[in-house]
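Worksheet: the structure to be examined is printed underneath.
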Number of protein chains: 2
Amino acid sequence: MDEAPMTTEKKCDENCDACASAHQCSLPKALAQKAKIDVKHVILVLSGKGGVGKSTVSVNLAYALANHGRKVGLLDLDLHGPDIPKMLGLEGRRVVVYGQGMEPVRVTENLAAMSMAFILPDTTSPVIWRGPMKMSAIKQFLNQVNWGPLDYLVVDLPPGTGDEALTIAQYAPNVKGAVIVTTPQDVAVMDAVKAAKFVEKLKVPVLGIIENMSGMVCPHCGETIDVFSRGGGKKAAVDLGVPYLGAIPLDPEMVKAGDEGKPMILQHTGSLTSKAVDVVMENLVKQVESTGISPPGQGGM
Amino acid sequence: MDEAPMTTEKKCDENCDACASAHQCSLPKALAQKAKIDVKHVILVLSGKGGVGKSTVSVNLAYALANHGRKVGLLDLDLHGPDIPKMLGLEGRRVVVYGQGMEPVRVTENLAAMSMAFILPDTTSPVIWRGPMKMSAIKQFLNQVNWGPLDYLVVDLPPGTGDEALTIAQYAPNVKGAVIVTTPQDVAVMDAVKAAKFVEKLKVPVLGIIENMSGMVCPHCGETIDVFSRGGGKKAAVDLGVPYLGAIPLDPEMVKAGDEGKPMILQHTGSLTSKAVDVVMENLVKQVESTGISPPGQGGM
């Protein structure tokens, strides 16, 4: 069918086993076979609009969980713009490939990361892939990376509700829920609501909404500037009846932290932003752990 | 092939006619058949990273060209997060469908727009589509929309170098070039360079780079704040040897203009931002028209 009708969903009898299009379908059960990865909980970090801070949240959440003694994997699924390595200060690192497998890059004792950027020849090479190639790569990131036993796999997604988000939601085992990141302005919130509805359709719980770039304190005069407006994320959470995890201000220090590979959660600068990140991450860890996995010997909440 | 090897390009003999995978290939010539749309020049607006202002640039550029007396179509290809209608103040409008065709939404006498948002039942419905469905939709936006004869089709793309960007670059006729939008911080510039290399591989000229959210003037004290750093876009343009089209500051007024559907270029507030938008758009119009299409009777440069 060269030019399919423009409907958001195709009619089907939900008999995926007999359907030739199951591999490109959006039904939660379409991909019945799950990836072979030993992980207790998979957490998706997504947004509708791009540039709202998904990767920043993913990196800080992964560290927060690792700091609580959990074994954490951080999977960067922004295949076209894999920024996680730079934000972890691991630019230029490469994965070790052995036989059919790959060793992820170890960040700390409890934290390992995987990203397209660890595979590409250099930081300027574009990944020019259509959906099927992306699906194949995501399967390999789950099946052929030697993650070891994980408590959590935090998955940083590209914006939107296409191949990457669909594939991971359908193919990963034990998907615990999704964190939705938004900035407060209308156009971003509108897309965040779309992301929440997408997650709902895939039968994945929304762990909560984070409002990022929520106001900014002028470093010169100390007055507050509502650059991207304010309160949109909180309102969306209330409207959707999902947890609101808090707001993180826009802060040039946070942008710099990302560029320099030193996540805010490790900095403890005592600044408003640093405190806000700590509070939001603790809220998120509480949500994530609310149904409980047994606390590890070396720590816990 | 369920799990293809992770290489950025597949080996091929470039004989697309004999290749069963031509429809999912990234070679410029893979889609030899071009869309049936009467347009002199197609301009792609893209970025590596999301949230850098592609849609803002697309809307302002479309108005700028229309103000120069050109017949302009504005095509929103962010299928998952179609924000163009809201930014044009046309939220809630729907396309008229007749037989096999669709009427675009008229914005001014010289400007018509098309977006997924004009087709969806409401603003919260997510578009849960994999690549092949997106490819099909894009073909329909070119073939089955009654654009009429156009001087320019401005195409607003989602971030990244996947299905949407590949399809439009391969399938649209007369692709004149691509405008790359970036914010100045390292992680955004890194992805902008990837976008430029992508465009190069598709044999599309880079019309120039715009540095958006480049510094901000505090509305309280008037001091400049380098929220997302500064100069990264200009440096990337110099390094890549492509035109630098100028910088637009970060400005809450511009964010508000987007949310309220009143593009900055129409506002003439006399503010620094308003002037910067005018200058960048004039630079861009000059680049776009540099190989010359004959000036229309009702105006021109």
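Nothing in this text is a laboratory measurement; each read-out follows from the coordinates by a stated rule. Note that the structure is a prediction, hence the values are computed from the model and not measured. No Cβ is skipped: glycine too gets one built from the backbone with ideal geometry, and neighbour counts run over all protein chains shown.
Summary table
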| read-out | value |
| --- | --- |
| Of residues in the range A:102-146 being small (Gly, Ala, Ser) and under 18 Å from the mean Cα position of the chain (by Cα), the one farthest from the other protein chains (Cβ to nearest Cβ) | A:ALA112 |
| Scope the range B:159-205; condition polar (S, T, N, Q), on the phi < 0 side of the Ramachandran plot and outside any strand (DSSP E or B); matching residues | B:THR161, B:THR167, B:GLN170, B:THR183, B:GLN185 |
| Residue in the range B:142-158 that is farther than 21 Å from A:PRO159 by Cα and part of a helix (DSSP H, G or I) present | yes |
| So A:VAL238, is it among the β-branched types (Val, Ile, Thr) and within 16 Å of the chain's Cα centre (by Cα) | no |
| Hits in the range A:53-92 (condition: more than 12 Å from the chain's Cα centre (by Cα) and either closer than 20 Å to B:LEU79 by Cβ or polar (S, T, N, Q) (or both)) | A:ASN67, A:LEU79, A:HIS80, A:GLY81 |
| Tally of residues being at negative phi, touching a helix residue (DSSP H, G or I) at 6+ places or on another chain (Cβ under 9 Å) and crowded, with 17+ Cβ neighbours inside 10 Å across the range A:238-252 | 10 |
| Boolean, A:VAL217 is surrounded by fewer than 20 Cβ atoms within 10 Å (Cβ to Cβ), among the aliphatic types (A, V, I, L, M) and more than 8 Å from chain B (Cβ to nearest Cβ) | yes |
| Selection status of B:THR161, under 15 Å from B:GLY50 (Cα atoms), polar (S, T, N, Q) and facing chain A (nearest Cβ under 8 Å) | yes |
| The range B:57-103, subset closer than 14 Å to B:LEU284 by Cα and among the polar types (S, T, N, Q), residue surrounded by the fewest Cβ atoms within 10 Å (Cβ to Cβ) | B:ASN67 |
| Scan of the range A:184-203 for residues that are farther than 19 Å from B:ASP122 by Cα and either buried (at least 24 other Cβ atoms within 10 Å of the Cβ) or at the interface with chain B (Cβ under 7 Å from one of its Cβ atoms) (or both), ordered by number | A:PRO184 |
| Matching entry among A:GLY233, A:GLY261 (being small (Gly, Ala, Ser) and under 27 Å from A:LYS176 (Cα atoms)) | A:GLY233 |
| Top-ranked residue in the range B:37-52 [being of a type outside the set (A, V, I, L, M, F, W, C) and within 14 Å of another protein chain (Cβ to nearest Cβ); ranked as nearest to B:LEU150 (Cα to Cα)] | B:SER47 |
| Failed condition for B:VAL175, given (1) touching a residue at least 60 places away in the same chain (Cβ under 8 Å); (2) within 9 Å of chain A (Cβ to nearest Cβ); (3) buried (at least 24 other Cβ atoms within 10 Å of the Cβ) | (2) |
| Residue that is farthest from the other protein chains (Cβ to nearest Cβ) [pool: residues in the range A:53-101 that are of a type in the set (A, V, I, L, M, F, W, C) and part of a loop (DSSP other than H, G, I, E, B)] | A:LEU90 |
| Criterion: of a type in the set (A, V, I, L, M) and farther than 30 Å from B:TRP129 by Cβ - qualifying residue of A:LEU111, A:LEU120 | A:LEU111 |
| Residue in the range B:220-237 that is farthest from B:MET190 (Cα to Cα), counting only those that are within 7 Å of chain A (Cβ to nearest Cβ) and in contact with a helix residue (DSSP H, G or I) (Cβ under 9 Å, 6 or more places away or on another chain) | B:ILE225 |
| Failed criterion for A:GLN185 (all others in (1) among the polar types (S, T, N, Q); (2) touching a strand residue (DSSP E or B) at 6+ places or on another chain (Cβ under 9 Å); (3) under 30 Å from A:GLY89 (Cβ atoms) hold) | (3) |
